[in-house]
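Colleague: Right, I'll just put the structure down here and ask away after.
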Amino acid sequence: LFQKEQYFVLILGLDNAGKTTYLEQTKTKFNKNYKGMNISKITSTVGLNIGKIDIGNMRLNFWDLGGQEELQSLWDKYYAESHAVIYIVDTSDKERLDESKIAFDRMLKNDSLNGVPLLLVGNKQDLDGCITIGTMKELFTPVKDLLGSRDSHILGASALKGDGVMEGIEWIVEGIK
Ligand code: GDP
């Protein structure tokens, strides 16, 4: 029996960053027959959203973990199982950039994520007044020893419109191959 190779991808970031929307767009773009939720009606993740897509002989299983402060401690439990991480930042919410950077650094410090490819997504680029991806890159560039030897990449996106989602997933696929 032909078995797909299973991979696990974590989608992390603060609550309201756009994780659920990003996952819904991923499923919509990669699963031909997927009729998902109404993208404009998605509300912030509490708990865990899961999704899977098949690309060639790979099956990517996504875990979108709740970003609320009290849920961030649960992230650790999933780290050991994951092959890639997508970290989503709301680039329009300047008041929470520091909070997001703190959660990001805390995630990178976790040893079980060593060497795991990391995609940093600057989301909500469709909104007026959002910070540019250049600015975000400066803010989120981690001290070198935190990044280690992993592959990392930063991309702008509008999960709401679906811009940048395809490119992101394609980067992840290359990264875990
Ligand atoms: P989560 O808590 O990280 O899962 O965030 P959600 O996916 O639930 O999104 C939170 C809110 O932000 C929702 O109202 C989404 O419609 C909105 N949102 C998500 N992505 C974008 C985006 O790229 N642009 C805009 N304008 N809104 C977005």
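The values are calculated or read from the model by the stated rules, or taken from the named source; none is laboratory data. Computed from a predicted model, the values in this text were never measured in an experiment. Cβ placement follows ideal geometry from the backbone for every residue including glycine, while neighbour counts extend to all protein chains displayed.
Colleague: Consider region 145-177. How many of its residues are of a type in the set (D, E) and either in contact with a strand residue (DSSP E or B) (Cβ under 7 Å, 6 or more places away or on another chain) or not in a helix (DSSP H, G or I) (or both)? Lay out the reasoning, then the answer.
Modeller: First, the residues of region 145-177 that are of a type in the set (D, E): 145, 151, 163, 167, 170, 174.
Applying the additional criterion that residues be either in contact with a strand residue (DSSP E or B) (Cβ under 7 Å, 6 or more places away or on another chain) or not in a helix (DSSP H, G or I) (or both) yields 151, 163, 167.
Adding up the residues that qualify gives 3.
Colleague: Let me ask something else. For the subset of region 11-67 comprising residues that are on the phi > 0 side of the Ramachandran plot and within 12 Å of the ligand (Cβ to nearest atom), which member is modelled with the lowest pLDDT? Give the steps one after another, and end with the answer.
Modeller: Of region 11-67, the ones on the phi > 0 side of the Ramachandran plot are 13, 16, 18, 47, 56.
Narrowing the set further to residues that are within 12 Å of the ligand (Cβ to nearest atom) leaves 13, 16, 18, 47.
Numbers: G13: 93, N16: 94, G18: 95, G47: 63.
So the residue we want is G47.
Colleague: Using beta carbons and a limit of 8 Å, which pairs, at least six apart or on different chains, have the first residue in region 146-169 and on the phi > 0 side of the Ramachandran plot and the second one in a loop (DSSP other than H, G, I, E, B) and more than 9 Å from the ligand (Cβ to nearest atom)?
Modeller: G148/N114; G148/G115
Colleague: Here is a further query. Give the residues of region 87-139 that are in a loop (DSSP other than H, G, I, E, B) and surrounded by 13 or more Cβ atoms within 10 Å (Cβ to Cβ), sorted by residue number. Let's see the steps before the verdict.
Modeller: Of the residues in region 87-139, the ones in a loop (DSSP other than H, G, I, E, B) are 91-93, 109-110, 114-117, 124-132.
Scanning region 87-139 gives T91, S92, D93, N110, V116, P117, K124, Q125, D126, L127, C130, I131.
Colleague: State yes or no: is S73 among the polar types (S, T, N, Q), closer than 14 Å to L12 by Cβ and in a helix (DSSP H, G or I)? First the steps, then the outcome.
Modeller: Working: among the polar types (S, T, N, Q): yes; closer than 14 Å to L12 by Cβ: yes; in a helix (DSSP H, G or I): yes.
Judged against the criteria, S73 is a match.
Colleague: Then there is this: Go through (1) among the small types (G, A, S); (2) closer than 24 Å to G162 by Cβ; (3) within 16 Å of the ligand (Cβ to nearest atom); (4) modelled with pLDDT of 90 or more for A84 and report which single condition fails.
Modeller: Just one mismatch for A84, condition (3).
Colleague: OK, next. Exactly one of these conditions fails for P142: (1) without any contact (Cβ under 8 Å) to a residue 40 or more places away in the chain; (2) more than 16 Å from the ligand (Cβ to nearest atom); (3) in a helix (DSSP H, G or I). Give me its number.
Modeller: Single failed check for P142: (3).
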